[in-house]
Amino acid sequence: MPAPAATPRPRVVVVGGGFAGLNTVKSLKRAAVDVVLIDRRNFHLFQPLLYQVATGGLSPANIAAPLRWIFSRQKNCEVMLAEVVGFDLDQKRVHTTQGDVPYDYLIVAAGSRHSYFGRDDWAQFAPGLKTIEDATDIRRRVYSAFEQAETEQDPAVRRALLNFAIVGGGPTGVELAGALAEIARHSLKHDFRQIDPSEASITLVEAGDRVLGSFSEDLSEKAHATLQRLGVHIRTKTMATAIDDKGIEMKSSTGVEHWPTRTVLWAAGVKASPLSKSLASSSNADLDRAGRLIVEKDFSLAGRPEVFVLGDMSSYSHQGGKPLPGVAQPAIQQGRFVARLINAKLRGKTLPEFRYHDLGNLATIGRSAAVADIKGVHFSGFIAWWLWLVVHLMHIANFRNRLLVLTQWSWNYFTHDRSARLITGDVPSDDDLAALQNLAVPPKAARNPAPAQAASVATAPSTSTTK
């Protein structure tokens with residue numbers, strides 16, 4: 001007599017291998033479930049250190065780890081390389097480029113994208129920083145600008161090449177501005193013969209009244225002072241109103257100014273993954289103004305207790321309506337909570353309501369310079385910088401990468417050298433170089449006759465692992 005067929009275990013499908021998805025899967029390691037992790041990339045990316053790839057401090061492989069390697073010993077996990085194109089919540093199926101995937105529980109944590117506040121045409125001139133491709137593109141633009149300035153004969157064009165603008169004064173913008181200043185002052189100090197890299201002008205544009213607006217005012221002031229000591233020009237209460245290949249137009253209380261520059265970097269806003277709209281249309285769930293799905297207290301969708309939305313895709317209120325910050329630490333806690341919740345449901349038990357534990361807020365500005373707010377205790381300087389290093393090292397996915405990053409940081413610290421400053425990707429074409437000549441035209445002639453309507457610039461959320 002044949003043995004009875006084994007009862008299939010519940011299948012948990014996780015969309016997205018970021019902080020929320022990764023920690024959901026890890027926390028289900030001993031659960032009586034089968035897990036399918038779907039991602040269009042085959043690696044987990046440690047986004048808080050992307051800016052170091054963008055500025056040549058680290059290589060992409062230092063901050064990324066293959067998903068199959070991470071879960072090679074987790075026997076109940078299967079990794080699927082595919083792109084999700086839709087959902088059928090009634091039939092409990094996820095539509096992907098590799099076919100449909102059925103589920104008993106669904107966790108969607110597909111992250112966020114850049115937001116240009118209705119001016120998507122700016123993207124080609126002002127790249128943001130969310131992917132490895134973004135980071136290597138920024139690295140190419142930054143170091144190519146110095147290389148082109150070295151051989152440029154026209155003083156106005158050379159000046160434009162050595163002007164750098166960062167839009168957005170949150171942690172990402174501050175980190176980029178500080179790193180660019182250190183590149184110009186130290187890393188490239190002896191590399192060129194025709195230009196002095198330290199003459200590069202770096203401008204940080206922030207629509208609010210101070211940089212690091214999510215930090216306390218005293219830490220914001222310390223960050224401001226540190227950036228100024230590095231030579232960064234800070235323009236608060238200033239909005240970007242136009243960005244093109246000739247430069248950036250800025251509007252403040254003193255009027256409108258056009259600043260010629262070859263390199264504009266965007267750190268001013270994000271929006272939820274396009275999958276939010278797809279999931280909303282399948283579930284009739286509501287979206288907030290940033291395109292995030294409004295979720296229940298357990299991160300499930302209303303009327304769909306088996307579907308959870310985490311990380312930058314979810315709009316979750318706590319502590320009397322205060323939204324969770326869109327950074328790594330809340331995403332990690334959400335992933336672990338939902339994994340425990342699913343495990344409890346399978347055992348017929350309940351779980352206390354989610355409570356976010358605010359572990360603090362960290363931002364680095366440069367070598368031996370950072371600010372920290374740890375449970376209301378504020379400090380800055382070397383100790384805050386050292387704590388930032390330790391926290392970020394501990395959250396990198398594997399020991400090998402931790403060791404590589406620590407080694408590279410140690411080298412950078414003692415030598416000021418950024419050994420990963422490679423120019424990769426597309427090189428400037430003849431048309432690109434010809435377009436540079438237009439930068440020599442006086443600002444009034446180079447400006448568009450009808451400046452674009454101002455876009456409200458909001459500070460991008462921190463990428464810190466602590467908040």
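A short reminder: the numbers here are calculations on the coordinates, not readings from a lab. None of the values given here were measured: they were computed from a predicted structure. Every residue, glycine among them, receives a Cβ derived from its backbone with ideal geometry; neighbour counts consider all protein chains shown.
Odds and ends about this structure:
- Of the chymotrypsin sites (Phe, Trp or Tyr not before Pro) found in segment 148-215, the ones in coil according to DSSP and having at most 15 other Cβ atoms within 10 Å of their Cβ are Phe192.
- Helix 217-229 and the longest principal axis of the Cα set of the chain meet at an angle near 40°.
- Segment 1-153, relative contact order [Cα under 8 Å, separation at least 6], %: 28 percent
- Based on Cα atoms of the chain, Rg over Rh with Rh as the Kirkwood radius reads 1.00.
- Estimated purely from DSSP H runs of n ≥ 4, each contributing -39500 (n - 2.57), the mean residue ellipticity at 222 nm for the chain is -9000 deg cm²/dmol once divided by its residues.
- Counting only alpha carbon atoms, the long axis of helix 132-151 and the longest principal axis of the chain meet at about 10°.
- About the centre of its Cα atoms, the chain shows a dipole size close to 1640 debye [charges on the beta carbon of Lys, Arg (+1) and Asp, Glu (-1) only; nearest 20 debye].
- Inter-part distance where segment 239-263 and segment 150-208 are each reduced to a Cα centre, Å: 16 Å
- Ellipsoid semi-axes for segment 249-406, based on the Cα gyration tensor and the rule √(5λ), read 33, 26, 16 Å when sorted largest first.
- Contact order for segment 276-404, expressed relative to its length and based on alpha carbon pairs under 8 Å spaced 6+ residues apart, stands at 12 percent.
- Look at the alpha carbon pairs under 8 Å that are at least 6 residues apart: their mean separation over the length of the chain gives a relative contact order of 22 percent.
- Taken along its three principal axes, the alpha carbon spread of segment 178-318 comes to 65, 36, 35 Å, from the longest extent down to the shortest.
- The alpha carbon gyration tensor of segment 57-138 gives principal lengths a ≥ b ≥ c with a/c of 1.5 or higher and a/b no greater than b/c, which makes the shape oblate.
- Debye equation applied to the C-alpha atoms of segment 77-217, log10 I(q)/I(0) at 0.14, 0.15 Å⁻¹: -0.82, -0.88
- With a threshold of 23 Å on the Cα-Cα distance, the over-threshold entries among Lys130/Lys322; Lys246/Lys277; Lys222/Lys375; Lys26/Lys277; Lys130/Lys375; Lys75/Lys277 are Lys130/Lys322; Lys246/Lys277; Lys26/Lys277; Lys130/Lys375; Lys75/Lys277.
- Degrees, to the nearest 10: 382-395 long Cα axis against longest axis of the chain: 40 degrees
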